[in-house]
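Reading through the structure tokens given below for one structure.
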Amino acid sequence: MTVSALATGSIKHHNKYNSRDGTTITRVIPHHWAGTSGGDVTLADPNREASANYLIFTDGTIKSQVPEEYRAWTTGSWEVDASSITVEIQNSTNGPEWKVSDKAIAALVNLIADIARRYKWGSVPAWRVRGHREFAATACPGPYLFPKLGSIAASADAKLKAPAKPSKPSGQEEDEDMIFIRKDNQNKVYAWSPSKGSKRPIGTTEWNAIKRAYGAAGLKLPIINTTAAETKHFGI
Ligand SMILES: [Zn+2]
């Protein structure tokens, strides 16, 4: 059973799916619920012939329904669903706008990047993220989400290609905004976290490990070289 690790739960599928019959998965099709509530209930209803591979909620939660190796019943076309991973997204407002929350869009970007990575797409060009209305007479995924699909694909592409964060050497704080400060007249480096306001000296062994980790990840070391006079600005 293939389910993204980003899914934090599932809803019942009641066997509402088919084999993909060997069809290669080439794209993601985001749909909208056309409603701020009830979409998950409809999909989970054993008497409603509708299902999706994933659901995304307004709070950014991702849930799975039909495992990826199976074709969900989402688009109304065997061929289209067979080659797609389908995602049903909760609206944050009703029509005519049918908005979708920023958190839901961020979750969709993450899910697409995860799918692209696992299916070795290499990149996420616009044709890999398509709207239901391109395949059937429907307004889905709505006037708010549909024009955003291109930028959603571009964001997923950027996420796919971003270098992995360096694995933190043991003892290093998990600070997203860590900046290193080096005094030029002393062979001393301080780790500075502007958001936490914390500073601490780094020993030679840890400093060499940090430089290796950033280098291995292809990341520029965030470092400020200071003169002795400047260091007082940083309180070191
Ligand atoms: Zn749809």
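The values are calculated or read from the model by the stated rules, or taken from the named source; none is laboratory data. Only a predicted model underlies this, so the values are computations on that prediction, with no experimental measurement involved. In this analysis, Cβ positions are derived from the backbone assuming ideal geometry, glycine residues included, and neighbour counts consider all displayed protein chains. For the accessible areas, the whole protein counts, side chains as well, though only heavy atoms, and no ligand, DNA or RNA atoms are used. Shrake-Rupley method; radii C 1.70, N 1.55, O 1.52, S 1.80 Å.
Screening region 112-135 for residues that are assigned to a helix (DSSP H, G or I) and within 16 Å of the ligand (Cβ to nearest atom) and picking the one that is farthest from Glu88 (Cα to Cα) gives Glu134. Only one of the numbered conditions (1) part of a helix (DSSP H, G or I); (2) open to solvent by 20 Å² or more (accessible area, probe 1.4 Å); (3) within 16 Å of the ligand (Cβ to nearest atom) is not met by Thr138, and that is (1). Would you confirm whether any residue within region 142-158 is open to solvent by less than 70 Å² (accessible area, probe 1.4 Å), at pLDDT below 95, more than 16 Å from the ligand (Cβ to nearest atom) and in contact with a Lys or Arg (Cβ under 7 Å, 6 or more places away or on another chain)? Taking every residue of region 142-158 in turn, none turns out to be open to solvent by less than 70 Å² (accessible area, probe 1.4 Å), at pLDDT below 95, more than 16 Å from the ligand (Cβ to nearest atom) and in contact with a Lys or Arg (Cβ under 7 Å, 6 or more places away or on another chain).
At least 1 residues being free of Cβ contacts under 8 Å to residues at least 60 places away in the same chain and over 29 Å from Thr23 (Cα atoms) is the threshold, and among the strands (runs of 3 or more DSSP E) wholly inside region 33-109 not one reaches it. Picking from residues in region 73-84 that are surrounded by 19 or more Cβ atoms within 10 Å (Cβ to Cβ) and more than 21 Å from Gly35 (Cα to Cα), the one that is farthest from the ligand (Cβ to nearest atom) is Ala82. Can you go through Ile29, Ile25, Ile11, Ile115 and tell me which one is open to solvent by 10 Å² or more (accessible area, probe 1.4 Å) and closer than 23 Å to Ala158 by Cβ? One residue alone meets the criteria, Ile25. When Met1 is tested against (1) modelled with pLDDT under 95; (2) open to solvent by less than 50 Å² (accessible area, probe 1.4 Å), exactly one condition is not met: (2).
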